[in-house]
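Visitor: For reference, the structure I am asking about is given below.
Every number here is computed from the coordinates shown, using simple stated rules; none is lab data. Please read all numbers here as calculations on a predicted model, not as lab measurements. Positions of Cβ are backbone-derived with ideal geometry, glycine not excepted, and every protein chain shown enters the neighbour counts.
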Amino acid sequence: MAKAESPKRRSRGLVWAAALIVAAAGAVAWFGPWTGSGSSRPRVESVTIAAPGPRAIAVSSLQIGGLPTRVVVSSVGIDAPISEVGVVVDNGEAKWETAWHAVGHHIDSALPGQPGNVVLTGHVSVADRHNLAAFARLDSVNEGDVVQVYSGDSVYRYRVDRVAVVPPDAVQVLRSSQASTITLLTCTHDLKNRLVVTGTLT
């Protein structure tokens, strides 16, 4: 005959079940519901640069209000919202998403104002007129220009120190150091190479 479950053990089981439900609800509130259709995630349009392979992300490091929401380069008329993007697998190959109607912030790159490299990618041109070619004028940026990144009530200013064209497999531009830097990345207008604008926090 089966032994009756003690009230203490049953109570402990209920506590664990409640904790799991709270954790699941928190995950949905933080990341948004996953419907399988991608409606709550940035739409995948094209790949701006070869991805170096997924890295684990500590969710606890993403503080509320720390994610970037808008990027402005007033010298060339860039002013666009920012969405989070990550690595997806397409035909067995790891590739970066690009944001729909926004600039994409690489989720495993630094947050604005923090040590490390804030990586932002955007379209130079779009096939769908409803999308946004946020970095169409990125090639007009010059050294000394200022990139403003908004996060909550804060604005972080990065001074451009380098503008360069690199091949699509130049993944070293995504790397971080202890310095607080930013990298803006898009295709060249002929879509053959990548235009990279880097700056340092002022």
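Visitor: Net charge near residue 76, counting Lys/Arg +1 and Asp/Glu -1 over other residues with Cβ under 14 Å of its Cβ?
Guide: Around residue 76, the surrounding residues sum to -3.
Visitor: Let me ask something else about it. Antiparallel as a % of all DSSP beta bridges within the range 68-201, to the nearest 5?
Guide: Numbers: 34 of 44 bridges.
Just about 75 percent of them are antiparallel.
Visitor: Using a 10 Å cut-off on Cβ atoms, rank the peptides 102-113, 68-79 from the highest mean neighbour count down.
Guide: Highest-to-lowest ranking by the protection proxy: 102-113, 68-79.
Visitor: Can you order the peptides 178-186, 137-145 by their average number of other Cβ atoms within 10 Å per residue, highest first? It would help to have the intermediate numbers written out before the result.
Guide: On the way: 178-186: 20.7, 137-145: 15.2.
Highest mean packing first, the order is 178-186, 137-145.
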